1. Before we move on, is residue 234 part of a strand (DSSP E or B), under 22 Å from the mean Cα position of the chain (by Cα) and surrounded by 13 or more Cβ atoms within 10 Å (Cβ to Cβ)?
2. Limited to segment 5-34, what total is found for residues that are under 14 Å from residue 277 (Cα atoms) and among the small types (Gly, Ala, Ser)?
3. Give the residue that is farthest from the ligand (Cβ to nearest atom), with candidates limited to residues of segment 159-175 that are under 16 Å from residue 292 (Cβ atoms) and touching a Leu at 6+ places or on another chain (Cβ under 8 Å).
4. For the list (1) within 17 Å of the chain's Cα centre (by Cα); (2) part of a loop (DSSP other than H, G, I, E, B); (3) of a type in the set (A, V, I, L, M), I need the number of the one condition that residue 225 fails.
5. Can you tell me which residue in segment 80-115 is modelled with the highest pLDDT, limited to those that are more than 15 Å from the chain's Cα centre (by Cα), in a loop (DSSP other than H, G, I, E, B) and of a type in the set (A, V, I, L, M)?
6. Can you find, within segment 79-120, the residue that is nearest to the ligand (Cβ to nearest atom) among those that are touching a residue at least 40 places away in the same chain (Cβ under 8 Å) and polar (S, T, N, Q)?
7. Sort out which residues of segment 176-193 are outside any helix (DSSP H, G or I), more than 9 Å from the ligand (Cβ to nearest atom) and within 12 Å of residue 236 (Cα to Cα), and write them in order of number.
8. Would you please name the residue that is nearest to the ligand (Cβ to nearest atom), looking only at residues in segment 197-219 that are farther than 21 Å from residue 152 by Cβ and modelled with pLDDT of 95 or more?
Amino acid sequence: MSKIKVAVLGATGMIGQRFVQMLEGHPWFEIEGLYASEKSEGKRLREVLKVRDFEFSDGTLDAQVRAMDVKHISDSARIAFSGLPSDLAGPTETSLAGGGVAVFTNAGSHRMDPCVPIVIPEVNPSQMEAARDQPTYGDGGYIVTNANCSSTGIAVPLHALHKSYGLEQVFVSTYQALSGAGYPGVPSLDAVGNVIPFIDHEEEKMEVELAKILGSYSKAGFEYADFKVMANCARVPVVDGHLESLTIEMRDSPSLDELAKTLSGFRGEAHSLSLPSAPAQPVIVRTEDNRPQPAFDVMAGSPARARGMASTVGRLREGNGYYKMFVLSHNTLRGGAGGSVLNAELAKAKGML
Ligand code: NAP
């Protein structure tokens, strides 16, 4: 079976290079072209390498970056994986979908569009149906987004809890890695030895995106989940991995043992469909007092293709009617490129490619 041709947009950036990583040796997809701005045209990937913890093949490192060309991509690729900055992503992704390309994007520009879903295959695979209702679907073009990096990692455990016990309120504080700000991101003199208690629009995004993701979709539109989310977001001097503390009020009152079993036993449709990049266990529960930590747990997930795709939960506690825990996830893999690749795998399994 021939593989599906995919374009990587923003291939010189943090997310773009994680796309290239996720696509190395992929059983269903192969890279048609790497695209970035004109200033990167003609450079080989090895000259603009940002990802330091993955060994790319020589063939991939020698691939040349091209300047973005929507017409060429529409003619040559069935899928575009987008790691473009939001302002550019909005119009570019609309044009690509209009040209019959299935767009799987990390950018925020289309997340709140009426027929554009924010898909996490373990959580809301049925929301992929929204893409079929987009005006460009008939020609094969559509846009599917993934959530911002701080929402994705907690959406999976929150979904498991919502299904079993009913969420009422979620208070979340984030400790977000520097790679979440792209490359070169936060100036080093601001980042080193410091914590910055502000990330532009992050809290607002989390508060609305989680309700959309855990809600439902019908021809009438998206119905948002009705629990409240209150977020405080901070940038910390960690390279990869967003750690988040959660305080949760739920309708039911499970014991901590039940809660841990519900989280670690959770499996979604990504698992039953055996999607290649789906982690065998989407939520890993640690029992040590000092876990999860980015240094130990950021690459959690198996098999090898799903490394960095699991959420790790730890320090489960309860008191005063609330449950407390920490969650860690990889922001540029689970919360970025890996999430989009998993969405494309779901689309293929649903006959949308
Ligand atoms: P980044 O490191 O700054 O990379 C941006 C990419 O866009 C680069 O490849 C850049 O190419 C390209 N680009 C910029 N202007 C362009 C133009 N005019 N034409 C074509 N390409 C252009 O950003 P990032 O962190 O990868 O983020 C990419 C997107 O994903 C953003 O929308 C971000 O909000 C979202 N996101 C990021 C994360 C994360 O954890 N980092 C997680 C989820 C979502 P040049 O090098 O040639 O300029």
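1. Here the answer is yes, as residue 234 does meet what is asked.
2. 1
3. Of segment 159-175, the ones under 16 Å from residue 292 (Cβ atoms) are 172-175.
Filter once more, keeping what is touching a Leu at 6+ places or on another chain (Cβ under 8 Å): 172, 174-175.
Numbers: 172: 17, 174: 12, 175: 14 Å.
So the residue we want is 172.
4. (1)
5. Among those residues, the one meeting the criterion is 101.
6. 106
7. Within segment 176-193, 186, 192, 193 qualify.
8. Among those that are farther than 21 Å from residue 152 by Cβ and modelled with pLDDT of 95 or more, it is 197.
The values are calculated or read from the model by the stated rules, or taken from the named source; none is laboratory data. All figures in this text were calculated on a predicted structure; none of them were measured in a lab. Ideal geometry is used to build each Cβ from the backbone, glycine not excepted, and the neighbour counts take in all protein chains shown.
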